[in-house]
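The values are calculated or read from the model by the stated rules, or taken from the named source; none is laboratory data. What you are looking at is a predicted structure, and each value in this text was computed from that prediction instead of being measured. Using ideal geometry, Cβ is built from the backbone for each residue, glycine included, and neighbour counts are taken over all protein chains shown. Note: areas computed on protein heavy atoms with side chains; ligands, DNA, RNA excluded. Shrake-Rupley method; radii C 1.70, N 1.55, O 1.52, S 1.80 Å.
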Amino acid sequence: MAQILKILILPGDGIGPEVMAEAVKVLKAFETPQRQFQLRQELIGGCSIDTHGKPVTEEVKQAALDSDAVLFAAVGGPKWDHARRGLDGPEGGLLQLRKTMDIYANLRPCSANSPSASIAKEFSPFKQDVIEGVDFVVVRENCGGAYFGRKVEESDYAMDEWGYSEAEIQRVTRLAAQVALRHDPPWPVISLDKANVLASSRLWRRVVEKTITTEYPQVKLVHQLADSASLILATNPRTLNGVLLADNTFGDMISDQAGSIVGTLGVLPSASLNGLPGERGLTTRPYGLYEPTHGSAPTIAGQNIANPVAMILCVALMFRYSLNMETEARQVEDAVRKVLDSGVRTPDLGGTAGTKEVGDVIVSAL
Ligand code: NAI
Ligand code: MG
């Protein structure tokens, strides 16, 4: 009996459908008689608003819960910008889905070698010797903290409640430690906070400390003040090699700042998880949603010039973090590296290849 892996495909708006088509080609290249992908494609974002009057339907949310993993491209565009906001706007579709799946950890890998050293060399604003050997992954808490706390908004006063519970800190710490343990020797966990001024950071520091020292004694833990981490990232980023664990606010900032190491948007994937397979006490497969860090780039949509690399690298992350397919994840990453190094690139990377050509050449390289 073949293993059937159910993947929900959410292309969304703008360049979403174009880059998703290439990611699906890559995914299908890994089908064997023993392993089949059952793909289900649904609407999300602006296209769902046009058809259903809302950015995500209950049926699509349920489909996400029934899948082994979700591939999401991008949503939004000028067509919907003025009509709708918040949970009713295109990006509300993604926010609602995040909530439904309770995907509390957002992962963004950052390496001078991914997608390829040649890309970092040409596009990074950093000197080559500063970024050489940089290799870390940001694990950002993504369901709590200041972005989800109570709000007060008056004309002359506003307040955002920045609170964390022990349980919220504990679960994301465990996930960060497990990511660290996937490396041999284990990567250190570098936890960012402002324990010198924020009460929530003092709890953060205590819970991270207790969780790692009692449950993951093999993992080295470093506490780093978030502001100084930001300086180090700009001056000596190799010092941060490992798992960078941060709450929602600091994680948002540090993960965007980390994007500057590679220096270009079209090649950066991300993963949002509510656990890792094989985690203690987990009997079912945890949810995982994979999306590029770029948006729907409406001005270049429909022209076959969007870079599909970030979306294709999402397939690699999905293999790694949801489907227990590490070997295949590396095969995707190696193929992408080879193709970019050979000069087959979309215009944003200085090339002349189209979206489809890049996808096809990557599939051949596999
Ligand atoms: P964007 O990431 O879509 O575009 C920024 C710049 O990068 C543009 O010049 C664009 O052409 C270029 N770019 C982005 N992805 C590219 C790719 N794969 N290949 C080649 N060039 C690429 O961000 P922007 O312009 O701020 O937002 C555009 C729309 O996307 C807005 O409606 C925004 O709300 C939405 N958006 C959606 C996100 C999501 O779905 N998670 C995230 C960010 C923005
Ligand atoms: Mg951000």
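What to note about this one:
- Every pair of residues 6+ apart whose Cβ atoms lie under 6 Å, when the first sits in the range 241-261 and is without any contact (Cβ under 8 Å) to a residue 40 or more places away in the chain and open to solvent by less than 20 Å² (accessible area, probe 1.4 Å) while the second is in a loop (DSSP other than H, G, I, E, B) and near ligand 2 (Cβ under 10 Å from one of its atoms): none
- Condition met for Pro78 (surrounded by fewer than 22 Cβ atoms within 10 Å (Cβ to Cβ) and within 11 Å of ligand 1 (Cβ to nearest atom)): yes
- So Gly275, is it among the small types (Gly, Ala, Ser), under 17 Å from the mean Cα position of the chain (by Cα), within 16 Å of ligand 2 (Cβ to nearest atom) and more than 18 Å from Phe37 (Cα to Cα): no
- Each residue in the range 179-191 was checked for being buried (at least 19 other Cβ atoms within 10 Å of the Cβ) and not in a loop (DSSP other than H, G, I, E, B), and 5 of them qualify.
- The range 344-362, residues that are away from ligand 1 (no atom under 11 Å from the Cβ) and crowded, with 21+ Cβ neighbours inside 10 Å: Gly359, Ile362
- Residue count for the range 192-238, restricted to those that are assigned to a loop (DSSP other than H, G, I, E, B), open to solvent by less than 50 Å² (accessible area, probe 1.4 Å) and within 17 Å of Ser260 (Cβ to Cβ): 0
- For the range 33-46, residues that are open to solvent by less than 70 Å² (accessible area, probe 1.4 Å), away from ligand 1 (no atom under 12 Å from the Cβ) and either within 24 Å of the chain's Cα centre (by Cα) or free of Cβ contacts under 8 Å to residues at least 12 places away in the same chain (or both) total 4.
- Within the range 291-315, the set of residues being in contact with a Pro (Cβ under 7 Å, 6 or more places away or on another chain) and under 19 Å from Pro277 (Cα atoms) comprises just one member, Cys314.
- Test: residue in the range 188-195 that is farther than 15 Å from Ala246 by Cβ and of a type outside the set (A, V, I, L, M): no
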